[in-house]
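Derivation of every value follows stated rules applied to the coordinates shown; laboratory data play no part. Just so it is clear, the structure is predicted and the values come from calculations on it, not from any experiment. With ideal geometry, Cβ positions are generated from the backbone for all residues, glycine too; neighbour counts draw on all protein chains shown.
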C-alpha cells in the first residue's frame, strides 16, 4: 500500500505546525511583555505655564475660521441657486406668455 508515506507526512506536518504555533505564541508573549515594560511616550502630563491658554486660543480661532468658511460657502451656494431660479423663472415667463 502507498498510504503510509502520506500518513507519516501528515503526522510530521502536524508536529511542525504545533511547534510553529508555540514559537509564535512565545514571540507574541515576549513582544507584549517588552511593550508593557516601557511607559508610553507622548504628551507630558503637565503643560508649561501659558501653553494651555495658547492652545485654547488657537482652537477658538480655528473654529471661527471654519465657521466663516462654511458660512461663505453656504451663502455662495444659495446665491447661485437663487440666480438659477430667477433665470429659470424668467425663461418660463418669457416663453409662457
## Note on the structure
Rounded to the nearest 10, the angle in degrees between the Cα long axis of helix 3-37 and the longest principal axis of the Cα atoms of the chain comes to 60 degrees
### Message
Could you tell me the calculated FRET efficiency between residue 47 and residue 70, based on Cβ-Cβ distance and R0 = 22 angstrom, to the nearest 0.05?
### Response
0.15
### Message
Could you work out [θ]222 nm for the chain from helices alone, using -39500 (n - 2.57) per DSSP H run of at least four and dividing by all its residues? Round to the nearest 500 deg cm²/dmol.
### Response
-31000 deg cm²/dmol
### Query
Using 7 Å Cα-to-Cβ label points, what is the residue 86/residue 32 separation (nm, one decimal)?
6.9 nm
### For the chain: rounded, prolate or oblate by the Cα gyration tensor [a/c cutoff 1.5]
oblate
### Summary
When all Cα-Cα pair distances of the range 53-97 are considered, the percent exceeding 15 Å is 64 percent
### Query
So how far apart, in nm, are the two label points at residue 55 and residue 10 if each is 7 Å from Cα heading toward Cβ?
6.2 nm
